[in-house]
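Please treat every number below as a calculation from the coordinates, not as lab data. Everything quoted here is computed from the prediction, not taken from an experiment. Counting neighbours? That spans all protein chains shown, and the Cβs are built from the backbone with ideal geometry, glycine included.
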Amino acid sequence: MLYAILCYDSEDVVHAWSKEHNDAVMDRLGAVTSRLAAQGRLGPTARLMPTTVATTVRKGATPLVLDGPFAETKEQLLGFYVVDCDSLEDALAVARELGAASGTAGAHEVRPLMVFNPSTLGEKTPA
Amino acid sequence: MSNPALDWIGTTLTAARPRAIAALLRYFRDLDVAEEAFQEASLRALRKWPEQGPPRDAVGWLVLVGRNAAVDHLRKQRGHVALDADDESALPDPDSGETTLAERLDDAHYRDDILRLLFVCCHPQLPVNAQIALALRIVSGLTVAQIARAFLVSEAAMEQRITRAKARIGAADVPFETPGAAERAERLGVVMAMVYLLFNEGYSASGGDFERRVALCEEAIRLARLLLRLFPAEPETLGVTALLLLQHARMPSRHDAEGQIVLLEQQDRSRWDRRAIDEGLALIDKALRHRQPGPYQVQAAIAALHARATTAAETDWAQIERLYATLERLQPSPVVSLNRAVALSRTAGPAAALESIALLAKPLDGYFYFHGLRGALLHQLHRDGEAREAFNRAIALAGSVQEAAHIRAQLETLSPTP
């Protein structure tokens, strides 16, 4: 079974990290992910840019584009896509398309990636 | 903090500081009391958190503990029988009431609290340097020694500057009522200007060591992001944050190993901070969707064009010239016109640029960059005699050894005096 592990922390705190602290954390995380990669168990990983860079497209007949991250606690994270886009407009268009295709309520948060490491899983797919 | 295992407490306190002090200021309406209350709460955090671990809501914990400690202290001062300040069991457990506390301190409240705290530091009666020093001391929590080093003044002088600034604020009326929309926008504008000046203090200062200046720039970016989290849909807040990130990205390449200035054209672009650029570009994209241009957005758009050019030769000077023309309309100033002339020299040639700055001779007569640019344009037009005069004037006005050295290097390229 493939699992997604989602990271939550306070942005205020992470932004207060010194460069040295940030580097030390990344090194420690790197040690964990390298081991997983060596075992052929690591899928794609990413570090997101801050929520200040996020834009949210709320689904609906006329999708609503809002500045800021998705912040509704009554809806749950169901999945995510990583898409190569030329611009924010391009990314918003994809989000609208996904919204129209999935119907109902909910939203898509569009947030650029700061770091992206492709998968080491090869052909393995979820059962 | 000496113990690296306790680093997280220091970081958590730094991160919580603006929100916590802002909330305490609302309770006590007195900057000193709010600061002391936070100080007291921080001391207790250092005692309690190592064993208990961090509270789920660190800001809420600090506000509640700080408030109780300060109330207690004030009561004691007035001679009332008081709670024993050291008996923590006498304080309500900050973790138990977390939900209600979190609700009371919801983002809407925080937003006006933090804006007020920053706005108080920007009191119009305070000189700009004092505003920045005060914000660094109170909001960012830098020590007086750190701020003094950044401003290249003695610790005693900085201490005095900050004490005076606080006294002035104390004597003035601090606006505690919840601001209306227009007032909020006005406050935000004043605060953004201070954050931008703080950044420039680090970015433009030629003295002081590199590390300290970078620290000021990073602090400004932290404050800009804080403002942006509070006002995520303000195009100018998006713009100023983008601007700071895009400029900061060039920091590593602006001086050579000897500390000499390296012009944008000659900078090693591979040393630019790609992550900061990507974030800045993403923010300016968001800002432009609002179609409400403002000075910060235009400046960020200009910085974005430089950032997008992989080599100096690929710079889109025509677009930069148009953006400076827009900036001239939005925020007319001789310095903006001077910058436009730089772009104009690329699109229309040195003669046109020289003509465009003729009218600036008077307002910018005492401005280093005016004479530096004028000298360079005259040199390009093979009027080396006049160029020499302009460069000499620039050297006389140079604000630092590096600036003077930079012009001297250009003087050397001129044909010898006839």
**Prompt:** If all Cα-Cα distances of chain B are sorted into 10 Å bins from 0 onward, what percent lands in each bin, rounded to whole numbers?
**Reply:** 4, 18, 27, 24, 14, 8, 4, 1, 0
**Amide H contacts of B:Asp57 (H built 1.01 Å from N, under 5 Å, at least 5 apart or other chain)** = none
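For the stretch B:239-383, calculate the relative contact order in percent as a whole number, restricting contacts to Cα pairs under 8 Å that are 6 or more residues apart. Please list the in-between numbers first.
Working: 165 pairs, mean separation 27.1, N = 145.
Rounded, it is 19 percent for the stretch B:239-383.
I'd like the FRET efficiency for A:Leu64 and B:Leu263, computed as 1/(1 + (r/R0)^6) with the beta carbon distance as r and R0 of 35 Å, rounded to 0.05.
On the way: r = 45 Å, r/R0 = 1.29.
Efficiency for this residue pair is about 0.20.
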**Item:** A:Leu29/B:Leu414 FRET efficiency (R0 60 Å; Cβ-Cβ; nearest 0.05)
**Value:** 0.60
**Request:** Averaging sequence separations of C-alpha pairs under 8 Å and six or more residues apart, then dividing by the length of the stretch B:158-295, give the relative contact order as a whole percent.
**Result:** 20 percent
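Below 8 Å between Cα atoms, with a sequence gap of 6+, how large is the relative contact order for the stretch B:351-400 in percent? Please report the intermediate quantities before stating the final value.
Numbers: 41 pairs, mean separation 19.0, N = 50.
After rounding, I find 38 percent.
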**Asked** Once you list every other residue whose beta carbon is under 15 Å from the beta carbon of A:Asp23, what net charge do they have if Lys and Arg are +1 and Asp and Glu are -1?
**Response** -1
**Prompt:** By a straight-distance test (C-alpha under 20 Å), which aspartates and glutamates pair with A:Lys19 as possible cross-link partners, with residues fewer than eight away in the same chain excluded?
**Reply:** A:Asp9, A:Glu11, A:Asp27, B:Asp7, B:Asp209, B:Glu211, B:Glu218, B:Glu219, B:Asp273, B:Asp278, B:Glu279
**Message:** Within the stretch B:332-376, name every residue whose backbone N is under 15 Å away from a label modeled 7 Å from Cα of B:His382 along the Cβ vector.
**Reply:** B:350-351
**Prompt:** Long-range amide H contacts for A:Thr45: which residues qualify at under 5 Å (H placed 1.01 Å from N, peptide plane, sequence gap of 5 or more or a different chain)?
**Reply:** A:Asn117
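Report, please, the projected area of chain A averaged over directions, based on the convex hull of its C-alpha atoms, in nm². List each step's numbers first, then the result.
Numbers: hull surface 38.2 nm².
With the hull built on Cα positions only, its mean projection is 9.6 nm².
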**Prompt:** lysines within cross-link reach of A:Lys59: Cα-Cα under 24 Å, excluding same-chain residues under 8 positions apart?
**Reply:** A:Lys74, B:Lys286
